[in-house]
1. Sequence gap at least 6, Cα distance under 8 Å: using those rules, report the relative contact order of segment 60-129 to the nearest whole percent.
2. May I ask you to compute the full-extension gain from Gln59 to Leu117, defined as 0.36 nm times their residue separation minus their alpha-carbon distance, rounded to one decimal in nm?
3. I need to check one value: relative contact order of segment 1-145, counting alpha carbon pairs closer than 8 Å and at least 6 residues apart, in percent.
4. Pairs Lys119/Lys151; Lys119/Lys230; Lys90/Lys230: which exceed 22 Å Cα-Cα?
5. In nm, what is the difference between 0.36 nm times the number of residues separating Arg13 and Leu228 and their Cα-Cα distance?
6. Among 103-110, 194-201, what's the highest-first ranking by average C-beta atoms within 10 angstrom per residue?
7. Which percent of the accessible heavy-atom area of segment 170-222 goes to carbon and sulfur, probe 1.4 angstrom?
8. Please list, in chain and number order, the residues 5+ apart from Gly178 or on another chain whose amide H is under 5 Å from its amide H, with Hs placed from the backbone.
Amino acid sequence: MPQLASHRPASWRWPAAQALLLLIGAAVLFLVSEHTRLDLEIARRLYDPELGRFPLRHQWLLDTVLYHGMKQASSVAVAGALYFCYLGWKGELAWLPRRNAVLAALGMLLIPLGTTLLKGLTHRYCPWDLADFGGFAPYLPLFAAAPEGIKAGECFPAGHASAGYLWIVWGIALRPAGARLARLGLLAGLGLGSLMGLARMIQGAHFLSHTLWSLWFAWALSLGLAILLKAELGLGRLAPQRLQPPTPAGTGRPACRQPLFRPGSDSVN
């Protein structure tokens, strides 16, 4: 069984750099989503004004596979991953330290839960709810109150994308196991979340900014949990055990093979 080799001790530099990148990312996202019409322009290219709807809203691949199917698959995968978190918490996995196991478990649960809570606070509408796209609601700035007489929106950030982005927490939790595994966890979260978010964008359920803010929230929460839990953040590597020659009973030295021929001897043993 491979053992976790000693890794470089974690310092403040990596989490500090990540926090700085998150602050810059939040500023850029806010400026682009709130002070440009990029969201609306992308949605218009996906909307058919003659039909008065998003034509791919109920397309089989997008709706059955990438929405309902991937949501269920993600739930099953999370349940399986929680088992490994349990083993890591018990100290039975060399590649997943206890605090990192708790980090991964909490991240997978709190990222979608936190996204759902934010959706109830922001009151943003889905593209298909907007009057510009055959709906009933106006396009509102972030945190603006819903007009009287209509239901408040619950589409920001993107909830479906968060079911994929929740795997991003493994990009931090697996750092002691080495850069390769940590990168694999990060890329899995980025790939799944972006695919699920893109599918809902094409259907008219979310703007691009909704998905990007879900990504930002997933990474910010993962980093915050890692700092709070004092998880191991130093990059390590998995090292195979070295093969050692057998040790005779009662000695602390490896067994040495006796020479077949000893100088001064007339015979071969």
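The values are calculated or read from the model by the stated rules, or taken from the named source; none is laboratory data. Here the structure is a predicted model, which is why all the values come from computation and not from measurement. So basically every Cβ, Gly included, is an ideal-geometry build from the backbone, and we count neighbours across all protein chains shown. With ligands, DNA and RNA removed, areas are computed over all heavy atoms of the protein, side chains included. Shrake-Rupley method; radii C 1.70, N 1.55, O 1.52, S 1.80 Å.
1. Details: 25 pairs, mean separation 13.2, N = 70.
Over segment 60-129, the number comes to 19 percent.
2. Working: separation 58, 0.36 × 58 = 20.88 nm, distance 2.85 nm.
Full extension from Gln59 to Leu117 adds 18.0 nm.
3. Numbers: 82 pairs, mean separation 28.5, N = 145.
So the answer I get is 20 percent.
4. Numbers: Lys119/Lys151 13 Å; Lys119/Lys230 29 Å; Lys90/Lys230 17 Å.
Exceeds cut-off: Lys119/Lys230.
5. Values: separation 215, 0.36 × 215 = 77.40 nm, distance 1.58 nm.
Here the segment from Arg13 to Leu228 would lengthen by 75.8 nm.
6. Numbers: 103-110: 22.8, 194-201: 21.0.
By packing density, highest mean first, the sequence is 103-110, 194-201.
7. Details: 1400 of 1790 Å².
Roughly 78 percent of what the probe reaches on segment 170-222 is carbon or sulfur.
8. Under 5 Å from the amide H of Gly178 lie the amide H atoms of Gly236, each far enough along the sequence or on another chain.
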